[in-house]
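Participant: One structure follows; several queries about it will come next.
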Amino acid sequence: MATNTTAQHNYKDEHTKSSYRNPRVGKGSKIDIYGTWKRDGILNDKLLLMEGYARDGAKDKDIAEALGISHNTLINMKKNYGDVSEALRKGKEIVDYAVENALLRKALGGDTTAIMFWLKNRKPSQWRDLKEVNANLQDGFVNIDLSGIIGKGNHLQIEKTTEVDENDKIGEES
């Protein structure tokens, strides 16, 4: 008796969610979803959905769920199929530009929070909250490089005044 090896497909399209389910394949099963979508003639539709979900700000995990696939499957599809990674990149890029433009408009309009956010991200060496300080011990002196705080070429030198005996143990009481 021959068995039918063709998977049954269940398509579900709602207003904001579309999913592809293959009830004959359990969790962890290896199936080429991309190939199945291509063979069934729905690959371009799925790519458009991916781009749209990404444009709407959905994370990859949420996109995978909306498509009815696991997050790992989507990650593998991005690695193996350029059109999948391109669809997601295009969708995310569009929304990134829109957010950048909105932030710029707010910053140029005088919103101080937007101004600080913009400057800290666009010019981090000048505006970031954390500044880099480098120090080293050389010839009995501690050399501290404050160029990350007060400009290039400015160094502070402090003479080491206490000797530490190798036998002294920090944190122990006598």
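Read-outs throughout are calculated quantities, based only on the coordinates presented, and are distinct from any laboratory measurement. None of the values given here were measured: they were computed from a predicted structure. Virtual Cβ from ideal backbone geometry, glycine too; neighbours counted across all protein chains shown.
Participant: In Å, the Kirkwood hydrodynamic radius of the stretch 79-127 over pairs of distinct alpha carbons?
Facilitator: For the stretch 79-127, inverting the mean 1/r across all distinct Cα pairs yields 12.5 Å.
Participant: How big is the stretch 37-135 on each of its three principal axes, counting only the C-alpha atoms and giving the largest first in Å?
Facilitator: Principal-axis extents of the stretch 37-135 (Cα, largest first): 57, 40, 20 Å.
Participant: Give me the distance in nm between label points sitting 7 Å out from Cα along the Cα-to-Cβ direction at Asp83 and Lys61, one decimal.
Facilitator: Inter-label distance under the simple model: 2.9 nm.
Participant: For the stretch 76-81, in order, what is each residue's ³J(HN,Hα) by Karplus, 6.51 cos²θ - 1.76 cosθ + 1.60 with θ = phi - 60°, in whole Hz (x at glycine and Pro)?
Facilitator: In residue order, the calculated couplings are 5, 5, 5, 5, 9, 10 Hz.
Participant: If a paramagnetic tag sat 7 Å from the Cα of Asp145 along the Cα-Cβ line, which residues of the stretch 98-133 would have the backbone N under 13 Å from that point?
Facilitator: Backbone N within reach: 132-133.
Participant: Please give the contour-minus-distance gain from Ala98 to Asn136: 0.36 nm per residue of separation, less the Cα-Cα distance, rounded to one decimal in nm.
Facilitator: Additional length available on full extension: 9.1 nm.
Participant: Anything over 19 Å Cα to Cα? Flag those among Lys38/Lys78; Lys38/Lys92; Lys38/Lys79; Lys61/Lys90; Lys59/Lys106, in the order listed.
Facilitator: Lys38/Lys92; Lys59/Lys106
Participant: What is the sum of charges, Lys and Arg at +1 and Asp and Glu at -1, for the other residues whose Cβ falls under 12 Å from the Cβ of Glu51?
Facilitator: 0
Participant: Report the trypsin sites (Lys or Arg not before Pro) located in the stretch 47-119 that are in a DSSP loop and have at most 14 other Cβ atoms inside 10 Å of their Cβ, or state none.
Facilitator: Lys59
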